[in-house]
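One structure below.
The values are calculated or read from the model by the stated rules, or taken from the named source; none is laboratory data. Source: prediction; values computed, not measured. Neighbour counts run over all protein chains shown; Cβ positions are idealised from the backbone, glycine included. Ligands, DNA and RNA are stripped out before the accessible areas are found, and what is left, the full protein with its side chains, is counted by its heavy atoms. Shrake-Rupley method; radii C 1.70, N 1.55, O 1.52, S 1.80 Å.
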Amino acid sequence: MKLFQVSVAGADINSKMKTASGDNSGLVRLELDSGATVYDALVAIGTKANITIGAQNSSYGVYVYGIGGI
């Protein structure tokens, strides 16, 4: 299990991350399958913290164009 801490500008996102951590630290615990990508981790954190991730496929891979509306 790896711990991820995401810090972004936006009080709403920081508040959601603190709530999702369960201990108000903002650290969200995840278990990811072997071979998981950074995008997989981002989506898992977004799902756990109820943060919308805006993304689309591109010729280079997944393009993330928004995190929590930012």
List pairs: first in region 25-46 and in contact (Cβ under 8 Å) with a residue 24 or more places away in the chain and farther than 20 Å from Asp12 by Cα, second of a type in the set (Asp, Glu) and assigned to a helix (DSSP H, G or I), Cβ under 8 Å, 6+ apart or cross-chain? Leu32/Asp40
Those residues of region 30-54 which are open to solvent by less than 50 Å² (accessible area, probe 1.4 Å) and either charged (D, E, K, R) or not in a helix (DSSP H, G or I) (or both) amount to Leu30, Ala36, Ile51, Ile53, Gly54
State which residue is farthest from Gly61 (Cα to Cα) when the search covers only region 16-29 and only residues that are surrounded by 13 or more Cβ atoms within 10 Å (Cβ to Cβ) and not charged (D, E, K, R). Thr19
Whichever residue in region 55-70 is out of contact with any Leu (no Cβ under 9 Å at 6 or more places or on another chain) and under 28 Å from Asp23 (Cβ atoms) and, among such residues, is most open to solvent (accessible area, probe 1.4 Å): Ile70
